[in-house]
Amino acid sequence: MTRHLSRPVPQHVGETQLPANQDVVFDTVAGRQAEIVVSIDPQGAREVCLDVCRSPDAAEHTSIRFLQEGYLQRGSFETPHYDHALMLDTGRSSLLPDVMARPPEVAPFDLAKGELLELRVFVDRSVVEVFANGTQCLAVRVYPEREDSIGVALRAQGQDAVMKSMDVWQMKSIWEG
C-alpha cells in the first residue's frame, strides 16, 4: 500500500493595495504557528512593515520592516554599502512586565530597482525567522502575553505600496501527531 503525503493548502490573499500610513489587517490569516510567504512591490514607500503575532488593537506585535534607500549611511571603502535594510523589531512584542526591551535586529539588504521584496516568515510560538529574497535572514525570540496576538498586518510608510500575494500555511507542533 502506497501512502501519499500532500502539502496542506495555504490561505491565499491576492493583490492588495497598501495605502500610505495605514495598517491593512488581514482578518483571514492568523496564527502563532505559521509559515507566511509574501511578495511586495514597495514602490516609493520609504518603509514597508509586516506585523506578525499582532493583537487586534496592535498593543502587541512583532514588526518586520523593510527600509528603503537612504536608511544606512554610506560606509567607507573598506565596508560594503547597502542602501536598504531589514529590521526585526520586538519593541512591542510582549506586554509581560518581565520581558526586557532590546534594540531591533538590523541587517543590510540589497533590492534592485523594480525587484519585488519576497519575505518568507516562520512564526513558531516564541520564534520569528525572516528570510528575504534568499539573501538575508533575521531571527529572534518573542514572548507575546495575549492569546489573541495571532494577527497579521501590512503597512507602507510615506507612499503607497502593493502586496502582490500572500500565502499562509498553518503549522502543527512537532508534539502533535
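Readers should treat all values here as calculations from the given coordinates under stated rules, not as data from a laboratory. What you see is a predicted model; the values in this text were computed from it and never measured. Positions of Cβ are backbone-derived with ideal geometry, glycine not excepted, and every protein chain shown enters the neighbour counts.
Arranged by the count of other C-beta atoms within 10 angstrom, fewest first, what order do 166, 100, 171 take?
Details: 166 24, 100 6, 171 16.
Ascending Cβ contact count within 10 Å gives the list 100, 171, 166.
Relative contact order for the chain using alpha-carbon pairs under 8 Å, separation at least 6, rounded to a whole percent?
Numbers: 434 pairs, mean separation 72.6, N = 177.
Relative contact order, the chain: 41 percent.
Neighbour counts of other C-beta atoms within 10 Å: give me 37, 140 arranged from fewest to most. Mind showing how you got there, number by number?
On the way: 37 15, 140 18.
Listing 37, 140 from fewest to most nearby Cβ atoms yields 37, 140.
Return 28, 62, 16, 90 ranked ascending by Cβ neighbour count within 10 Å, so the fewest neighbours appear first. Show your work: numbers first, answer last.
Working: 28 10, 62 24, 16 15, 90 21.
Starting with the residue having the fewest Cβ neighbours, the order is 28, 16, 90, 62.
How much net charge surrounds residue 164 when only the other residues with a Cβ under 10 Å from the Cβ of residue 164 are counted, with Lys and Arg +1 and Asp and Glu -1?
Values: positive: none; negative: 15, 41, 118.
That sum, taken over residues with Cβ under 10 Å, equals -3.
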Task: FRET efficiency estimate (nearest 0.05) - Cβ-Cβ, residue 12 to residue 106, R0 25 angstrom - done: 0.20
Task: Shape metrics for the chain, restricted to C-alpha atoms - Rg then Dmax, Å - done: 16.9, 64
Open item on the list: Please report Rg (one decimal) and Dmax (integer) in Å for the Cα set of segment 23-67.
Closed with: 11.3, 32
